[in-house]
Each structure stands twice: as structure tokens, then as C-alpha cells.
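The values are calculated or read from the model by the stated rules, or taken from the named source; none is laboratory data. Here the structure is a predicted model, which is why all the values come from computation and not from measurement. All Cβ positions, even for glycine, are placed from backbone atoms using ideal geometry, and neighbour counts span all protein chains on display. Heavy atoms of the whole protein, side chains included, go into the accessibility calculation; ligands, DNA and RNA do not. Shrake-Rupley method; radii C 1.70, N 1.55, O 1.52, S 1.80 Å.
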Amino acid sequence: MAVRENHHRHYQAKQVPLFPLLSLICFLSILLALSAFRKTSAPLQPHQSIQFNNGDRSGRSKAARDGSCDYSDGSWNYDPNLRTSRYDHTCKEIFKGWNCYAANKSNALQIINWHWKPKQCDLPHFDPVSFLEKFRNTNIGFVGDSLNRNMFVSLFCSLKRVPGEVKKWRPAGADRGFSFLKYNLTITYHRTNILARYASWSANADGGELESLGYKEGYRVDVDIPESSWIEAPNFHDILVFNTGHWWWAPSKFDPVKSPMLFFEKGQPIIPPVPPDVGLDKVLQHMIPYVEKRMPPGAIKFFRTQSPRHFEGGDWYQGGSCQRQQPLSPQQAEDLFSLSNNRTNVEVRLVNEHLLKALNGTSFHILNITPMSELRADAHPASAGGKKHDDCMHWCLPGLTDTWNDLFIQHLYNIRS
């Protein structure tokens, strides 16, 4: 406009050229139209992505979208009409002892009628198709004990319902694994009880430091060497989910007198010998950096908090059981798991204390499933597990670990956003 005004200085001051006037009117009209459009449209924020848009359609609140929601703070709500089509008891990967519907557990159908509702937002059931699309060309590994297998099977059964060829594949030393060929997505389970390498140990006839202290047998635990089942996992996977804990407070497996855990570092026994809780700290001090150094930039690392057991009336070898038909109240859970009460299942919060201390300042994300799981005394196989004792440690499938995966995938969406 300034250029055109210079060309028309010979006109009188009150005269306005027709062409500039029309241009100005058109420009103002466009501005008014854009302003009206913005008032009727929600702008896409710079940090948003297609994951958030899909999540919005699923009912995610702002707290969920920006990752500020504390998903562990919530309650279980019963909906008799709640049915998910993610999978059912016919999924062949479900371990027989966890298939509560096939085993005729009395409340097997009701278990999936409970929905976890965080106080600050919603935790929707993840959409398997959307997940497979978003995480094409991705390798996901679960590393840990049978509770991580519980979670792995839940995820597999959910994804298996999506049309497409699935091939069994066990890469990087995995115990079990599957590749969803259409999406080039692989999920695997690497079994390891305590993360570190361990094996039976017997006294040497020639003697040694442990022998001189009176030790005759036990289990040698090399705190600085990963178990072979997952030693290559960090080099292969884009996403890893770790857990450990159940074997660390297990006198029936590592009897402190008859078969103690004897810890070694750099090939030499740790003298004086340390108790299992100190051994756990030492294993975490070595395993966490091992993973961080080997996973590539952009890889995602989770450590899942401890899954609670619900034995009441004694431990599994003492006739303990878990026959409840509905979730516990917060006060009931506090009575059962409080460290001050020091009851049968006390290790759940003890393990978490060690985990949180070791993970502080690392690049691991914490998958906190403990609070929601402490309330679900109704969701174990119990006497339907097919054992001589109640199984109050693993979870029925379909069941609670489906919600773990909802939480896991919600965190992935937040991280990838």
C-alpha cells in the first residue's frame, strides 16, 4: 500500500484510489473470516499429536493428555453391563492356571466388570488396532518373573483379536514371543526371577571364604551379571518393561538356612555375606545402568512396581487363601499391606521402597500398578488355579493385568506425544 501511495501523490489528500480501497476491504474481510473460524474451532496445540486426537475421542481428559494425571490414585467402580471385546478365555496363550472362566471360578465373569477410575482423569481401555498402527516397526519386551508373563499374555491376547498373521518368534533369548507381521510389531517375554544370574552353589572341598564361615550349599547370585535369558534384550527392543521382587522374599525358594542366597561381585563372594534385601539393592545398582548403556536413544524403559499377593490366614504353604468376591476397601488394603502390621504379604511395599530408591534419577519410567492392584483381592485364581494351594499371587485372565496394559499403553502415548 505504501508503494502505491507514493505513485499517487499528485492526487488530492481527500481522494482515495479505488484499487487500494478494494484491496483493504478484501484484506479486512479475510481477517474477520479467520477470526470467526478460530472461535468455532479448537486449535491444535504444538505439543499435540495424532495420539492425543485419538485419545480425545476415547474420553481422555486434559490431565491424561498432558501426562499430569496420577493414574495410581483412584477407585474401582462396578458396572454390571461392562463387557470388553478385547479377548476371552479361548485365547490359547492363557496359562491353564490363570484361565478362571474355564476353571469355573465363581466370580470369573464379575472380575472384568470392575473398571479403574483415576480421580483426576479417565483410563480408557486401549484400542488394539490403534495401538498396532501407532507402534508399527516396534519391538516390545517384558523382562521379569511370571507376573510379567501374566501381563505379556494379556497384551498378546488383546492384540491377537486384530485381523492379521501372527508368527511365533523368540528373539534375543526370549522365553516366548510373537510377531504381528502386518505391523512388524513384536512382543516377547524374557523370564528371569531375580534379573541377575544365579545357580546352585556347593562348598568346595578345597575350602574358601564362604566355606570357612560354615556355608555348605545355597545359591550363587552374581549381582553384576544379567541372566542369560535377557542379556541381549536391551540391544534388540525399543520398549522394555522390567519387574522383580517375588523371589527376593521367598523363604520357600531361597531358605535363609538350608539354601541361602550367596552374593558374588566380579567373580568373588561378598564378604561378609549380605541379606537378600541388600542383595536386591546391589543387583539393581548393576542392572539399571546395564540397560541404560545398551538401549539406543529414544528407547523407552519401564520398571513395573510390585504386584501384591493376597494370602489371608497364612502364606501359601501355611494354608493361606484368597476367597474374596469383590475388591477390598482402602482400609482393608492398608490393614493387609501396611509395613507396620508386618503381615504375610508385606513384601509388596518393601520391594517398592527398594525399587523407587534405585530408580531415582535414572531414565526409567515407573509403571505404578501397586495401589490399584492391592485392592483386587477378588481377581486371583485362588482355588481355581489347579494347585494344591490357593494361587493368591497370579491374576485371572481376562482380568486385572488388562488394566495394567491400559496404564502401560496410556503412558506410552503420553511419552511419544
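Residues of the range 204-215 that are at pLDDT 95 or above and either of a type in the set (A, V, I, L, M, F, W, C) or open to solvent by less than 10 Å² (accessible area, probe 1.4 Å) (or both): L210, L213.
Residues that are of a type in the set (V, I, T) and under 22 Å from the mean Cα position of the chain (by Cα) within the range 74-123 comprise T84, I94, I111, I112, listed in sequence order. Filtered by the rule that a residue be of a type in the set (S, T, Y) and under 23 Å from P226 (Cβ atoms), the range 127-156 gives T138, S146. Just a yes or no: is a residue in the range 227-249 outside any strand (DSSP E or B), in contact with a His (Cβ under 8 Å, 6 or more places away or on another chain) and among the hydrophobic types (A, V, I, L, M, F, W, C)? Yes, the range 227-249 has at least one match. Going by the conditions given, is F254 in a strand (DSSP E or B) and either of a type in the set (A, V, I, L, M, F, W, C) or farther than 16 Å from A196 by Cα (or both)? Taking the combined requirement at face value, the residue does not satisfy it.
For the range 241-258, the criterion of being under 16 Å from P226 (Cα atoms) and exposed (fewer than 14 other Cβ atoms within 10 Å of the Cβ) is met by none of the residues. Under 6 Å between Cβ atoms, at least 6 apart or on separate chains: pull out the pairs that start in the range 185-213 with a residue that is of a type in the set (D, E) and end on any residue that is open to solvent by 10 Å² or more (accessible area, probe 1.4 Å). Correct list of pairs: E209/P269; E209/I271; E211/A203.
If you check L123, L155 for being within 26 Å of A233 (Cβ to Cβ), of a type in the set (A, V, I, L, M) and at pLDDT 95 or above, only one passes: L155.
Could you list, in sequence order, the residues of the range 259-271 that are on the phi > 0 side of the Ramachandran plot and either open to solvent by less than 50 Å² (accessible area, probe 1.4 Å) or among the hydrophobic types (A, V, I, L, M, F, W, C) (or both)? Once the filter is applied, which keeps residues that are on the phi > 0 side of the Ramachandran plot and either open to solvent by less than 50 Å² (accessible area, probe 1.4 Å) or among the hydrophobic types (A, V, I, L, M, F, W, C) (or both), the range 259-271 yields only G267. Pairing residues of the range 295-312 that are in contact (Cβ under 8 Å) with a residue 60 or more places away in the chain with residues that are acidic (D, E) and open to solvent by less than 20 Å² (accessible area, probe 1.4 Å), at Cβ distances under 7 Å and at least 6 apart in sequence or on separate chains, gives P308/E374. Set side by side, the residues V283, V274, V291 differ, and just one is modelled with pLDDT of 95 or more, surrounded by 16 or more Cβ atoms within 10 Å (Cβ to Cβ), aliphatic (A, V, I, L, M) and in a loop (DSSP other than H, G, I, E, B), which is V274.
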